[in-house]
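Engineer: Before I ask anything, here is the structure I am working with.
The values are calculated or read from the model by the stated rules, or taken from the named source; none is laboratory data. For clarity, every value in this text was computed on a predicted model and none was experimentally measured. Here the Cβ positions follow ideal geometry from the backbone for every residue, glycine too, while neighbour counts run over all protein chains shown. Ligands, DNA and RNA are excluded from the accessible area calculation, which covers all protein heavy atoms including side chains. Shrake-Rupley method; radii C 1.70, N 1.55, O 1.52, S 1.80 Å.
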Amino acid sequence: MNAKAKQKLVLIGNGMAGVRTLEELLKLAPDLYEITVFGAEPHPNYNRILLSPVLAGEQTVEQIVLNDWDWYRDNGITLHTGKKIVKIDRVRRRVIAEDGTEAAYDRLLLATGSNPFMLPIPGKDLDGVLAYRDIADTHAMIGAAQKYKHAVVIGGGLLGLEAANGLRARGMDVTVVHVLDALMERQLDASAAALLKLSLEQRGLTFAMNKKTQELLSDEHGRVRAVRFADGEEIPAELVVMAIGIRPNTALAESAGLQCNRGILVSDTMQTYDPRVYAVGECAAHRGIAYGLVAPLFEQAKVCANHLAEFGIGIYSGSVTSTKLKVTGIDLFSAGDFNGGADTEEITLADPIGGVYKKLVIRDDKLIGACLYGDTTDGAWYFKLLREGRKIDDIRDTLMFGEANLGDAGHAGENRAVAMADDAEVCGCNGVCKGTIVKAIKNQGLFTVDAVRKHTKASSSCGSCTGLVEQILASTLGGDYSATPAKKPICACTSYSHEEVRAAIRENKLTSLMAAMAFMEWATPNGCATCRPALNYYLISTWPHAAKDDPQARFINERAHANIQKDGTYSVVPRMWGGITNASELRRIADVVDKYQIPTVKVTGGQRIDLLGVKKEDLQNVWRDLDMPSGHAYAKALRTVKTCVGSEWCRFGTQDSTRMGIELEKALWRMYAPHKVKLAVSGCPRNCAESGIKDVGVIGVDSGWEIYVAGNGGIKTDVAQFFCKLKTHEEVLEYAGAFLQLYREEGHYLERTVHYVGRVGLDYCKRRVLDDTEGRRALWARLQDALRDEADPWHEPQKAAVDLRQFAPIKAVLVEESA
Amino acid sequence: MIKRDWLYICRLDDIPVSGARVVRIEGRPDIALFRTLDDRVFALHDRCPHRGGPLSQGIVHGARVTCPLHAWVINLDSGRAVEPDVGAATCFRVRCENGEVFLHRADARGTTAVAERETCAVA
Ligand code: SRM
Ligand SMILES: Cc1cc2nc3c(=O)[nH]c(=O)nc-3n(C[C@H](O)[C@H](O)[C@H](O)COP(=O)(O)OP(=O)(O)OC[C@H]3O[C@@H](n4cnc5c(N)ncnc54)[C@H](O)[C@@H]3O)c2cc1C
Ligand code: SF4
Ligand code: FES
């Protein structure tokens, strides 16, 4: 080894392209450089693409971090976050940050990304006017959605639609403004754009097409309040998101005298005019093109790393790109030139009712463009044909029906993964081929999409190839993996689905875990953390008195009857019927807090009191001293029944909602279920108990009670659906109970009512509970029978099969040998 | 010999089948003592290599435990996290004789060399 000091590499821009280059470089030459990174954002490198699912509430910021702080440390990289570089001194070879921090370089890598383009109109600087580019923007949008109602997104392209969808998912009224008459005009043809618009409208988005925005109007506090169009129309807007395009961020490079023209000009080796300075990512213009998608940027990163590592053999010669829209439930894919022209031919397939549209554009017997809507399974294959420029005259007749149909009619779909060549690309974002995935599955024994993601990076960026990865898993594992989603095994311990397991338990009167696992030939001796709790629930819900509850098959919260906290202590939430309490209860709670030195007391979002930070050894005593029933805040069971004050006090109250709530809670508590169950009763349609987002919501009206079911206020808010209208308290108990028993009998473990009803259909539930009087009474009777001898685990632990040994640690004393 | 090197902890039946107990030794970090379905006994430092979750509170399946906080799966015989997660909880030698469970004193005292602890599965 030569003892020469390491060269210094400085990266400006701690984003997707720059850090990917470092990853590639470290693979090739881990010890060549001393690396310093400057990033203007205060975060480690994260997956910008997934800001859309974060906005839609499907993922968290923590989940989208690509390289955490440890990664930089473990690789000896000096990271300066929150520091923007303002000057590059190419003569002294130093970079200088806003706060004065300096770093010297031998090689410099620019990856400054791009800036969102803001319309230069009056009002563009008002509060509440945002772009959509980074975590800060996303947080600002989430914050605004909590406070305000009306959002306007300017720009009907990819980013604008993802922003609009996310804001809608967070409950805002969203209008998308677009200057043209078709959405995503650069990625879609008119027919596909129309279908897309229709399905977005069905999801509750509003569109203002052919509209030119002229001005943003301010309220008295300097916040935007409305958008005015060139035709004079005004619409309300407390949040405006501009998503009309991006501009390569070249200011810094320009100030350093590097040639730029719609991007920092780079050669095929990603070098700028100064050979010590490289540029990758959205800020770079290669052969006149600045790319705005990650797949080409990752290709650039590979080439750049190759040169930085002094291998000198990589050449970047541009990329063909394809587009997918990441709105859950909408499948859309486009690539190449799909608008065609005089010398092209088109093959189209349109099924407006089924919501499927496909168009393939062909020139000189070659596929040059594809636009798919509704069914995108063949997107990757078309994209491959397109990039390879392969002649398609021999497969022309079946081209439209996809790869699976090549020479093997009749096996639509399932065969696609099998038919794919090993070098065919599956994950466009990360450039992962089928062969790589198959190898990883075989060599490392992977059997879940998650594992494939961790090992190969496939499906870890935008996620749109997840379906294909599943197919590859299925075809590689054969019998070990169930092919059709309708029959997904509970976990890797079995090939049986939730339904099949339930049926087996019912039909064969299986009443213990060991018997069930033996009968169904479980692949593991006692299951895993996924299937054991599920089986235990199926056993006790199917055979209430006969089956034996196994505490070791329950997640810790249900085993300890308290919620575990991040420091290993527990929280205790006693039950307060219908949210009503009194002086002596409150006094007891206060005494318990003092006696056991409980650090935090909090009023929960479910109208009761949470004692946080209780030591496990103290739990039994805390329960005893509280002398209140278990609130089951830890269980897949009935949680709270929220109520409002109702007709007893409230000047608007039409019904005694508090009493109704207490009656429901007393009838249903101790009820275990596939997932947690929450109820609410409001005394009038003002709905102060938030009945509209509960598993069962009850709203008092003059003539009785309206019942709503399958609402959810959690990860994704779903408004409860109207179920029926009833007159008496007895009816409310019977109908609510019957609906919940149906869910208890048929729901998959960890499926909330919203997902259960989504799966079986509201009409089905209505048939079973509303139309079938006998059936309803039988359901209600079965529930009452199941609850008849269900114990309160806090006060009847033996009866509730609580293993009390867990509350006392085993004490041992180390006596030294000499003693 | 048993007396000198091994410290009596409890009876096998004091640990739930497919479950765990916490062992507390004055001045030492908590130890999680596991019992598998087939009555094998393992002991690990009661701290998950991920973010320190109490492994004793997890679900025991086969010779593994799933951490209660973020569901990492830890091998009981080595303390190592199942791939692709990386990291390990220190393991302690245990033996079970005539239904009684003993911990190796040197391990419990924390004086065993790390190399000797690579795996603590005792036949
Ligand atoms: C304590 C409380 C927050 C608070 O301080 O107010 C809380 C705390 C937790 N919630 Fe919650 N939720 C609390 C009210 C809610 C509410 C509001 C409500 O009940 O009206 C919701 C939305 C309503 C809903 O469920 O539809 C809510 C939606 C969630 C979700 C998302 C569920 C979903 O289906 O989308 C989770 C995650 C899960 O259950 O998997 C969750 C999970 C959790 C967990 C259990 C997280 C965990 O696994 O550790 C938290 C336990 C903390 C603890 O140890 O005590 N919590 N959580 C609230 C307890 C209410 C109670 O008295 O029982
Ligand atoms: C909401 C959203 C959704 C998207 N969805 C997709 C998708 O589905 N598929 C797809 O392929 N692409 C998608 N993209 C585009 C993709 O994220 C970008 O192409 C990619 O992140 C660009 O990588 P980059 O490294 O060039 O720039 P960036 O990831 O933006 O990184 C540049 C970084 O440099 C920092 N920086 C700039 N100037 C300085 C300075 N002077 N000093 C220090 N730091 C500086 C910036 O703060 C930024 O953190 C999406 C983008 C957004 C915003
Ligand atoms: S209490 Fe609920 S919302 Fe708050 S951090 Fe925990 S899970 Fe999230
Ligand atoms: S602390 Fe154990 S998985 Fe996170």
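Engineer: Condition first: basic (Lys, Arg), within 23 Å of the chain's Cα centre (by Cα) and more than 16 Å from ligand 1 (Cβ to nearest atom). Can you find one or more residues in region A:21-32 that meet it?
Structural biologist: There is no residue in region A:21-32 that is basic (Lys, Arg), within 23 Å of the chain's Cα centre (by Cα) and more than 16 Å from ligand 1 (Cβ to nearest atom).
Engineer: Something else now. Please state which of the following conditions B:Asp85 fails to meet, knowing it meets all the rest: (1) more than 8 Å from chain A (Cβ to nearest Cβ); (2) away from ligand 4 (no atom under 13 Å from the Cβ); (3) surrounded by fewer than 20 Cβ atoms within 10 Å (Cβ to Cβ).
Structural biologist: Status for B:Asp85: all satisfied but (2).
Engineer: I've got another one for you. Residues B:Arg21, B:Arg109, B:Arg95: which one is basic (Lys, Arg) and crowded, with 20+ Cβ neighbours inside 10 Å?
Structural biologist: B:Arg21 is the lone residue from the list that is basic (Lys, Arg) and crowded, with 20+ Cβ neighbours inside 10 Å.
Engineer: Determine which member of the set A:Ile707, A:Ile699, A:Ile715 is in contact with a Gly (Cβ under 9 Å, 6 or more places away or on another chain), within 25 Å of A:Glu745 (Cβ to Cβ), in a strand (DSSP E or B) and among the hydrophobic types (A, V, I, L, M, F, W, C).
Structural biologist: A:Ile707
Engineer: Let me ask another. Within region A:480-488, can one find any residue that is buried (at least 16 other Cβ atoms within 10 Å of the Cβ) and of a type in the set (Gly, Ala, Ser)?
Structural biologist: Yes, region A:480-488 has at least one match.
Engineer: Shifting gears a bit: Is it fair to say A:Leu740 is in contact with a strand residue (DSSP E or B) (Cβ under 6 Å, 6 or more places away or on another chain) and assigned to a helix (DSSP H, G or I)?
Structural biologist: Answer is no for this residue.
Engineer: Among the residues of region B:49-76, write down those that are over 13 Å from the mean Cα position of the chain (by Cα), away from ligand 1 (no atom under 16 Å from the Cβ) and not in a loop (DSSP other than H, G, I, E, B).
Structural biologist: Within region B:49-76, B:His61, B:Val73 qualify.
Engineer: Take the residues in region A:704-736 that are of a type in the set (Gly, Ala, Ser) and touching a strand residue (DSSP E or B) at 6+ places or on another chain (Cβ under 9 Å); name whichever of them is nearest to A:Ala534 (Cα to Cα).
Structural biologist: Among those residues, the one meeting the criterion is A:Ala710.
Engineer: Are there strands (runs of 3 or more DSSP E) fully within region A:99-155 with at least 2 residues that are over 31 Å from the mean Cα position of the chain (by Cα) and within 15 Å of ligand 2 (Cβ to nearest atom)? List them.
Structural biologist: A:102-104, A:107-110
Engineer: Can I ask one more? If A:Asp549 meets every condition in (1) modelled with pLDDT under 95; (2) away from every other protein chain (no Cβ under 14 Å) apart from one, which number is that one?
Structural biologist: The number of the failed condition is (2).
Engineer: Give region A:555-566 a look and list any residue that's within 16 Å of ligand 4 (Cβ to nearest atom), open to solvent by 10 Å² or more (accessible area, probe 1.4 Å) and either within 11 Å of A:Gly631 (Cα to Cα) or modelled with pLDDT of 95 or more (or both), or say none.
Structural biologist: A:Phe555, A:Asn557, A:Asn563, A:Ile564, A:Gln565 - these are the residues of region A:555-566 that are within 16 Å of ligand 4 (Cβ to nearest atom), open to solvent by 10 Å² or more (accessible area, probe 1.4 Å) and either within 11 Å of A:Gly631 (Cα to Cα) or modelled with pLDDT of 95 or more (or both).
Engineer: Note down all Cβ pairs under 8 Å where the first residue falls in region A:79-94 and is within 14 Å of ligand 2 (Cβ to nearest atom), the second is in a loop (DSSP other than H, G, I, E, B) and open to solvent by 70 Å² or more (accessible area, probe 1.4 Å), and they're at least six residues apart or on different chains.
Structural biologist: Filtered contacts from region A:79-94: A:Thr81/A:Pro42; A:Gly82/A:Pro42; A:Lys83/A:Glu98; A:Lys83/A:Asp99; A:Lys84/A:Glu98; A:Ile85/A:Glu98; A:Val86/A:Glu98.
Engineer: Another question about this same structure. Based on this model, can you work out whether A:Arg588 counts as touching a Pro at 6+ places or on another chain (Cβ under 7 Å) and not in a loop (DSSP other than H, G, I, E, B)?
Structural biologist: It is false that A:Arg588 is touching a Pro at 6+ places or on another chain (Cβ under 7 Å) and not in a loop (DSSP other than H, G, I, E, B).
Engineer: What strands (runs of 3 or more DSSP E) lie completely within region A:240-327 and have 1 or more residues being open to solvent by 40 Å² or more (accessible area, probe 1.4 Å)?
Structural biologist: A:246-248, A:264-266, A:322-324
Engineer: Quickly run through region A:371-395 and pick out the residues that are over 16 Å from A:Cys433 (Cβ atoms) and touching a residue at least 40 places away in the same chain (Cβ under 8 Å).
Structural biologist: Listed by number, the residues that qualify are A:Cys371, A:Leu372, A:Tyr373, A:Gly374, A:Asp375, A:Thr376, A:Thr377, A:Tyr382, A:Leu386.
Engineer: Any chance you could count how many residues in region B:1-32 are within 7 Å of chain A (Cβ to nearest Cβ) and part of a strand (DSSP E or B)?
Structural biologist: So the count comes out to 9.
Engineer: Identify, please: which residue in region B:37-46 is in contact with a strand residue (DSSP E or B) (Cβ under 9 Å, 6 or more places away or on another chain) and surrounded by fewer than 23 Cβ atoms within 10 Å (Cβ to Cβ) and is, among those, nearest to the other protein chains (Cβ to nearest Cβ)?
Structural biologist: The selected residue is B:Leu37.
Engineer: For A:Ala801, all conditions in the list (1) aliphatic (A, V, I, L, M); (2) part of a helix (DSSP H, G or I); (3) within 14 Å of chain B (Cβ to nearest Cβ) hold save one; what is the number of the exception?
Structural biologist: (2)
Engineer: Let me ask something else about it. Given the condition within 14 Å of chain B (Cβ to nearest Cβ), in contact (Cβ under 8 Å) with a residue 40 or more places away in the chain and surrounded by fewer than 20 Cβ atoms within 10 Å (Cβ to Cβ), answer yes or no: does some residue in region A:514-531 qualify?
Structural biologist: There is at least one residue in region A:514-531 that is within 14 Å of chain B (Cβ to nearest Cβ), in contact (Cβ under 8 Å) with a residue 40 or more places away in the chain and surrounded by fewer than 20 Cβ atoms within 10 Å (Cβ to Cβ).
Engineer: Here is a list of conditions, (1) in contact with a strand residue (DSSP E or B) (Cβ under 6 Å, 6 or more places away or on another chain); (2) open to solvent by 30 Å² or more (accessible area, probe 1.4 Å); (3) not charged (D, E, K, R), and A:Val91 meets all of them except one; can you say which number that is?
Structural biologist: (1)
Engineer: Additional query: If you scan region A:59-83, which residues turn out to be touching a Leu at 6+ places or on another chain (Cβ under 9 Å) and buried (at least 16 other Cβ atoms within 10 Å of the Cβ)?
Structural biologist: A:Gln59, A:Ile64, A:Asn67, A:Tyr72, A:Ile77 - these are the residues of region A:59-83 that are touching a Leu at 6+ places or on another chain (Cβ under 9 Å) and buried (at least 16 other Cβ atoms within 10 Å of the Cβ).
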